[in-house]
Amino acid sequence: MQEKGLLIVLSGPSGVGKGTVRKQIFSQPDTSFEYSISMTTRLPRDGEVHGVDYFFSKREEFEELIKQEKLLEYAEFVGNYYGTPVDYVRETLDKGRDVFLEIEVQGARQVREKFPDGLFIFLMPPSLTELKNRITTRGTETEDVIKNRLTAAKEEIEMMNLYDYVVENDQVELASERIKSIVVAEHCRRERVEPRYKKMLEVE
């Protein structure tokens, strides 16, 4: 009996380090998740590669995908769209492979509605002061954008109740290990494994 893959959703406030933690997880040789690359209309930051970190698209192209309902989720954040192409996610889960999404909080709410049995993990900063430091040291945003991101971050933290687990990103290595441990535990959840073992009992 083919057990469906687990949809793992990592989200959290802007600047918390979602991308850094995700890269740490995928740098480990024992990581077997499939990373679902998000699409965005924002410009690439230094070092970001199209098709690796994001699919970078024009606003018109993105809005056409919205009309065609080709996105699992999408959100507009600080003037740019972010979204997840849907076909790849469904096909990979059906093959029994875990899919890892790193997305914004607005998008995670949409995914929760479509995949209520997914695993939703909220990444928290140690403090709002530390969060501001992380956004500022990027050196890629203006003072107004930093202020908008911090305001948005406070609103996003209020939405923590939509998630199953909360992981503090105090150290990237520790946060990534906590997330991997949560996934292992989730695969052992009784609701997930019970159908497989009941099927086993039917075999004479």
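The values are calculated or read from the model by the stated rules, or taken from the named source; none is laboratory data. Remember, predicted model here, so these are calculated numbers, not experimental data. No Cβ is skipped: glycine too gets one built from the backbone with ideal geometry, and neighbour counts run over all protein chains shown. These accessible areas exclude ligands, DNA and RNA; they are computed on the full protein's heavy atoms, side chains included. Shrake-Rupley method; radii C 1.70, N 1.55, O 1.52, S 1.80 Å.
General observations
- Any hit, segment 143-162, residues being over 26 Å from Glu76 (Cβ atoms) and acidic (Asp, Glu): no
- Gly5 vs. criteria under 30 Å from Ile146 (Cα atoms) and either open to solvent by less than 20 Å² (accessible area, probe 1.4 Å) or without any contact (Cβ under 8 Å) to a residue 40 or more places away in the chain (or both): no
- In the set (1) in contact with a Phe, Trp or Tyr (Cβ under 6 Å, 6 or more places away or on another chain); (2) open to solvent by 60 Å² or more (accessible area, probe 1.4 Å); (3) not in a strand (DSSP E or B), Val166 fails one condition alone, (3).
- The residue that is surrounded by the most Cβ atoms within 10 Å (Cβ to Cβ), among those in segment 8-25 that are part of a helix (DSSP H, G or I) and in contact (Cβ under 8 Å) with a residue 12 or more places away in the chain, is Val21.
Residue-wise test of (1) touching a Pro at 6+ places or on another chain (Cβ under 6 Å); (2) open to solvent by 40 Å² or more (accessible area, probe 1.4 Å).
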{"residue": "Leu128", "(1), (2)": "no, yes"}
{"residue": "Thr136", "(1), (2)": "no, yes"}
{"residue": "Leu150", "(1), (2)": "no, no"}
{"residue": "Ala153", "(1), (2)": "yes, no"}
{"residue": "Glu158", "(1), (2)": "no, yes"}
{"residue": "Glu173", "(1), (2)": "no, yes"}
{"residue": "Lys180", "(1), (2)": "no, no"}
{"residue": "Arg190", "(1), (2)": "no, yes"}
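- Residue that is least open to solvent (accessible area, probe 1.4 Å), among those in segment 32-91 that are charged (D, E, K, R), assigned to a loop (DSSP other than H, G, I, E, B) and without any contact (Cβ under 8 Å) to a residue 24 or more places away in the chain: Glu48
- Qualifying position, being among the acidic types (Asp, Glu), more than 14 Å from Arg22 (Cα to Cα) and in contact (Cβ under 8 Å) with a residue 60 or more places away in the chain, among Glu113, Glu173, Glu102, Glu156: Glu156
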